[in-house]
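Notes for the one structure printed next.
FYI, it's all coordinate maths here, none of it is from the lab. Every value quoted in this text rests on a predicted model; they were computed, and no experiment measured them. Positions of Cβ are generated from backbone atoms using ideal geometry, with glycine treated the same way; all protein chains shown enter the neighbour counts.
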Amino acid sequence: MHDKLTKIIAAYEELEKKLMDPAVVSDPKEYARLAKEHAGQAELVARAREYLGALDDIEAAKEMLHEADADEKAMLQEDIAANEAKLPELEEEIKYLLIPADPNDEKDTIVEIRAGVGGDEAAIFAGDLFKMYQHFCEGRGWKLEVLSSSPSEAGGFKTIEFKVSGDKVYSVLKYESGVHRVQRVPKTESQGRIQTSTATVAVLPEADEIDIQIDQSDLRIDTYCASGPGGQCVNTTYSAVRITHLPTNTVVQSQDQRSQIQNREVCMQMLRARLYEMELERQQAEQGAERLSQIGHGNRSEKIRTYNQPQDRVTDHRIGFNGTYNGVLLGDALPSVIEALAAAERAEKLAQAV
């Protein structure tokens, strides 16, 4: 490990020199790329320096023992013991930091919530999930922007798509992809019977034009009048946009923005995100890569969490985590669930790295 960490520190110092190079400073894109790489390596390099420093101190103290008197030997042995005690924890931290980060963790996200089984109650539950994420994002200081929605007459949404922007958004929200199930007495139920309903959540890392190149000839673009719940027309201009990516038959649509131009841009954001997700899945399939077993595959066919109102319990099935119904669904306890999932992922990564 000593040689590996020495090389990492040397590469980091070389990176620092490049950041002071006038040619790099005058190139905003290259400077931003190197600055991001520099920031991403900072914690690893700090721990590497601390680890190598402890090793050097141990070696120096051992050499001094040969010529030290009794009192000096006692002090040197204490220093050796203290430095040796730090090494195991530093090694564990360094092992984790050496694991390549998911390049999408830094990206903003596009989240899609879609009502599943359960009719009107499923749409209401989809609306409750949206409110949960809205509250969660507000608590973290993230910006949430609704891109497209299809409200239900009974309340909630048949579908809603929104963009979340902020610090390392995808690294947190990625654990929410999958099927969410609720067990409760619906507002529409007059006889007090418990119903099970579902909603699917898809969390897509936002892709920019550099990530995904889209040939305009592959697109069919349709415009139509935006409409509200029940199909009533809310304007008479063709501001709503539907885009079909012909090679993959991927369809996106938006009617919530004020103009056709804005709705088209929203559609392109959603389309890039979906095509980017398809490309990631293709690459993972080719490499034989699988998502970690403890956090599941994160796809929309996998039941990840059950919200049980009568028992006041929310269970995340991937790690067996339990929380209270109102605590999680109101967004206050959602951070605890996500932190537990992140901890499970870290533990699995460390186990694989050993």
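Gaussian network model of the chain, Cα springs within a sub-10 Å range: biggest mean-square fluctuation belongs to which of Tyr276, Tyr51, Tyr325?
Ranking Tyr276, Tyr51, Tyr325 by mean-square fluctuation puts Tyr51 first.
Using +1 at the C-beta of Lys and Arg and -1 at the C-beta of Asp and Glu, which of Ile58, Leu98, Leu34 has the Cα lying farthest in the positive direction of the dipole of region 2-98?
Going by the Cα projections, it comes out as Leu34.
Answer rounded, prolate or oblate for region 5-163, using the Cα gyration tensor with square roots of eigenvalues a ≥ b ≥ c: rounded when a/c is under 1.5, else prolate when a/b is larger than b/c, else oblate.
oblate
Taking only Cα atoms, what is the 0 to 90° angle, nearest 10, from helix 70-98's long axis to the longest principal axis of the chain?
30
If a paramagnetic tag sat 7 Å from the Cα of Lys62 along the Cα-Cβ line, which residues of region 1-23 would have the backbone N under 16 Å from that point?
1-3
How large is the dipole of the chain about the Cα centre if only Lys and Arg carry +1 and Asp and Glu carry -1, each at its Cβ, rounded to the nearest 20 debye?
Roughly 2320 debye, rounded to the nearest 20.
Taking only Cα atoms and a 10 Å spring cutoff, compute GNM fluctuations for the chain and point out the largest among Gln191, Gln41, Gln257.
Gln191
Run the quick spin-label model on Arg313 and Asp79: label points 7 Å from Cα toward the beta carbon, then report their separation in nm to one decimal.
5.7
Taking θ = phi - 60°, what integer Hz values does the Karplus form 6.51 cos²θ - 1.76 cosθ + 1.60 yield along region 145-152, in sequence order, with x for Gly and Pro?
Once rounded to whole Hz, the list reads 10, 6, 9, 7, 8, 10, x, 9.
Can you tell me the 0 to 90 degree angle between the C-alpha axis of helix 28-65 and the longest principal axis of the chain, rounded to 10?
The answer is roughly 30 degrees.
Would you mind checking the tilt of helix 334-353 against the longest principal axis of the Cα atoms of the chain, expressed as 0 to 90 degrees and rounded to 10?
50
Using only helices, what value at 222 nm comes out for the chain when you add -39,500 (n - 2.57) per DSSP H run of length 4 or more and divide by the total residues, to the nearest 500 deg cm²/dmol?
Here the helix-only value at 222 nm equals -16500 deg cm²/dmol.
Do any of Lys107/Lys349; Lys4/Lys174; Lys18/Lys107; Lys95/Lys163 go past 28 Å between their Cα atoms, and which?
The answer is Lys4/Lys174; Lys95/Lys163.
Which entry is the computed P(r) over Cα pairs in 20 Å bins from 0, in percent for this structure: (i) 30, 52, 17, 1; (ii) 23, 47, 23, 7, 1; (iii) 23, 32, 8, 13, 18, 6, 0?
Identified label for the calculated read-out: (ii).
Considering only Asp312, Asp222, Asp57, give the residue with the highest GNM mean-square fluctuation for the chain, with springs between Cα atoms whenever their separation is below 10 Å.
Looking only at Asp312, Asp222, Asp57, the largest GNM fluctuation is found for Asp57.
What FRET efficiency comes out for Glu72 versus Asp3 if R0 is 41 angstrom and r is the Cβ-Cβ distance? Round to the nearest 0.05.
Approximately 0.80, to the nearest 0.05.
Give the relative contact order (percent, whole number) for the chain; include only Cα pairs under 8 Å separated by 6+ residues.
Once normalised by length, the contact order is 14 percent.
DSSP loop (so not H, G, I, E, B), at most 16 other Cβ within 10 Å: list which trypsin sites (Lys or Arg not before Pro) in region 162-200 pass both filters.
Taking region 162-200 and a limit of 16 other Cβ atoms within 10 Å, the loop trypsin sites (Lys or Arg not before Pro) found are Lys168, Lys187, Arg193.
For labels at Lys29 and Ala342 in the simple 7 Å Cα→Cβ model, what's the distance in nm?
With each label placed 7 Å out from Cα toward Cβ, I get 3.2 nm.
Roughly speaking, what is the centre-to-centre gap between region 158-212 and region 1-64 when only Cα atoms are used, to the nearest Å?
Their Cα centres are 40 Å away from one another.
Show the residues, 5+ positions off or on another chain, whose built amide H is closer than 5 Å to the amide H of Thr250.
For Thr250, the qualifying residues are His245.
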